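K.L.:
Provided herewith is a single structure, encoded as structure tokens, for subsequent inquiry.
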Amino acid sequence: CVGACKEQKCLLGLYFTTLLIILLGLIVAAVLGYIYRNDIETGVRKNLEKGFEDYGKNGSSVITNEIDFMQENLKCCGMDNATDWLSTPWHTKHPNKSYPDSCCEDKNCTTFYPEGCFQLLKKQFLSHLAVIGGVAASVAVIQIIGMACACVLICRKRTDTPYIGLTSPEHLRV
């Protein structure tokens, strides 16, 4: 604001450069996200598998709570389905149960959520991807408008007449 009001080209140039760096960062993040999108899916699957392996172990109450929270809110069970729990250390400790209580659809635990959590997480991410992209595009447009305005102010020539002095009556201002 100071650069625009006082028409300070140095401050306007700094503003333009800052917006350009942020815009380039957004573009690089978008390109890297697109290039490594498959690695992200693999990483999420790998971390979920580790979480299911650590579920219910001593000292992993945070992981247990997070997996329970995920299964209850997404209404899912296991990585791909409920049978995934049969190959976990949790099932070894609880041989009478096929899946944890967070997989249950009702209080009596007679039915469980049939769909796996990984596919639901993937659907959630993809459904929100359009919103994320729209917000990023909007921010980029606003930055480009700000950069264009800064360029206009930097390149604009001053039209006001400088103070000449009081040497003659024709130079007097009112």
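The values are calculated or read from the model by the stated rules, or taken from the named source; none is laboratory data. Just so it is clear, the structure is predicted and the values come from calculations on it, not from any experiment. Cβ atoms come from the backbone with ideal geometry, glycine included; neighbour counts cover every protein chain shown. Remember, those area values only see protein heavy atoms, side chains included, never the ligands or the DNA or RNA. Shrake-Rupley method; radii C 1.70, N 1.55, O 1.52, S 1.80 Å.
K.L.:
About its Cα centre, what dipole magnitude does the chain give when the only charges are +1 on Lys and Arg Cβ and -1 on Asp and Glu Cβ, stated in debye to the nearest 20?
P.N.:
The calculation lands at about 880 debye.
K.L.:
Provide the three semi-axes, in whole Å and in decreasing order, of the ellipsoid equivalent to segment 86-141 as defined by the square roots of 5 times the Cα gyration tensor eigenvalues.
P.N.:
Working: eigenvalues 296, 34, 12 Å².
For segment 86-141, the ellipsoid semi-axes come out as 38, 13, 8 Å.
K.L.:
Continuing with the same structure: Under a crude label model (7 Å from the Cα following the beta-carbon direction), how far is LYS57 from LEU20 in nanometres?
P.N.:
5.1
K.L.:
Can I ask one more? Give me the distance in nm between label points sitting 7 Å out from Cα along the Cα-to-Cβ direction at LYS122 and TYR34, one decimal.
P.N.:
Distance between label points: 2.1 nm.
K.L.:
What is the calculated FRET efficiency for VAL44 to ILE145, with r their C-beta to C-beta distance and R₀ = 30 Å, to the nearest 0.05? Present the calculation step by step, with values, prior to reporting the outcome.
P.N.:
On the way: r = 36 Å, r/R0 = 1.19.
Efficiency, from the Cβ-Cβ distance: 0.25.
K.L.:
Further question on the same structure: When ligands, DNA and RNA are left out and all protein chains stay put, how many square angstrom of accessible area per residue does the chain have with a 1.4 Å probe?
P.N.:
In whole numbers, the chain has 72 Å² accessible per residue.
K.L.:
Label 7 Å along Cα→Cβ of LYS97; segment 107-146 residues with amide nitrogen under 19 Å?
P.N.:
Counting backbone N atoms under 19 Å from the label point, the list is 107-117.
K.L.:
Specify which labelled value, from [x] 33, 21, 13; [y] 64, 15, 14; [z] 32, 16, 14, agrees with semi-axes √(5λ) of the Cα gyration tensor in Å derived from the coordinates of the model shown.
P.N.:
Step by step, semi-axes √(5λ) of the Cα gyration tensor in Å for this structure corresponds to label [y].
K.L.:
Sum -39500 (n - 2.57) across every DSSP H segment of at least 4 residues in the chain, then divide by the residue count to get the 222 nm mean residue ellipticity, nearest 500.
P.N.:
Working: 6 runs with 107 residues, N = 174.
Calculated mean residue ellipticity at 222 nm is -21000 deg cm²/dmol.
K.L.:
Another question about this same structure. Each label point is 7 Å from the Cα along the Cα-to-Cβ direction; what then is the distance between the points at SER87 and PHE69, in nm?
P.N.:
About 2.8 nm separates the two model spin labels.
K.L.:
Among MET79, TYR36, PHE16, which residue has its Cα furthest toward the positive end of the charge dipole of the chain, with +1 on Lys/Arg Cβ and -1 on Asp/Glu Cβ?
P.N.:
The listed residue farthest towards the positive side: PHE16.
K.L.:
Carbon and sulfur: what percent of segment 1-129's accessible surface (1.4 Å probe)? Don't jump to the answer; show the numbers that get you there.
P.N.:
Numbers: 5390 of 8780 Å².
Carbon plus sulfur share of accessible area: 61 percent.
K.L.:
Given H placed on each backbone N at 1.01 Å, which residues far from PHE112 in sequence or on other chains put an amide H within less than 5 Å of it?
P.N.:
GLU105
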